[in-house]
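Shown next, in structure tokens, is the structure this report addresses.
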Amino acid sequence: MDAADRIAIADVVARYSDAVNANDAAAWEETWAEECTWQLGPDRLLRGRDEVVAFWRAAMASFESVLQMVGHGRAREEGDGAVGSWTVFEVGRRDGANGLVIGCYQDRYTRQEGAWLFAERRFTATYRGGLPAGSFTALPSLPGNF
């Protein structure tokens, strides 16, 4: 896999988390292939972009505030697509309680119309728990056409 593809895959991962932070369903949806799967645990497998996005919208509505950060990751070619894994940290507030989730996404990517998209994301949480009381402030919008 060449450097341009690695950068493009890292970009789709970053755009995914940025859309979570902005609660931007349209931008988040644009990171997924039409035929995709999203596994959030052994008993929660979503199929197809419509189902994935509908679930995400409902989940995001439950947050008072959320901030997702991507840690280290990697990607490599596999077959006619690519696979990768990324560490994710998410701090959020629901029902007046602060929480932290740390985990790893294992991904399959597909290239469609020259762009890398998620064909599959499987999340494994390595930590879920509370945080001390604190406050959240919404992220400011970037000026211009970002």
Using Cα-Cα distances under 8 Å and only pairs 6 or more residues apart, what relative contact order does the stretch 1-92 have, in percent? 25
Binned Cα-Cα distances of the chain, short to long, each 5 Å bin given as a whole percent: 2, 9, 18, 23, 21, 15, 8, 3, 1, 0
Note, the stretch 83-92: 3J(HN,Hα) by Karplus (6.51, -1.76, 1.60, θ = phi - 60°), whole Hz, Gly/Pro = x, goes 10, x, 9, 9, 7, 10, 10, 9, 10, x
Tell me the net charge near TRP28. Cut-off is 10 Å between Cβ atoms, TRP28 excluded, with +1 for each Lys or Arg and -1 for each Asp or Glu. -2
Computed about the Cα centre, the charge dipole of the stretch 3-130 from +1 Lys/Arg and -1 Asp/Glu charges at the Cβ has a magnitude in debye, to the nearest 20, of 460
Computed [θ] at 222 nm, helices only, for the chain once each DSSP H run of length n ≥ 4 contributes -39500 (n - 2.57): -8000 deg cm²/dmol
Can you give me the angle between helix 49-61 and the longest principal axis of the chain, using Cα atoms only, in degrees from 0 to 90, rounded to the nearest 10? 20
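Computed from the coordinates by the stated procedures, all read-outs in this text should not be read as laboratory data. It should be emphasised that the depicted structure is a prediction, and the values quoted were computed from it without experimental measurement. FYI the Cβ positions are ideal-geometry reconstructions off the backbone, even for glycines, and counts take in every protein chain you see.
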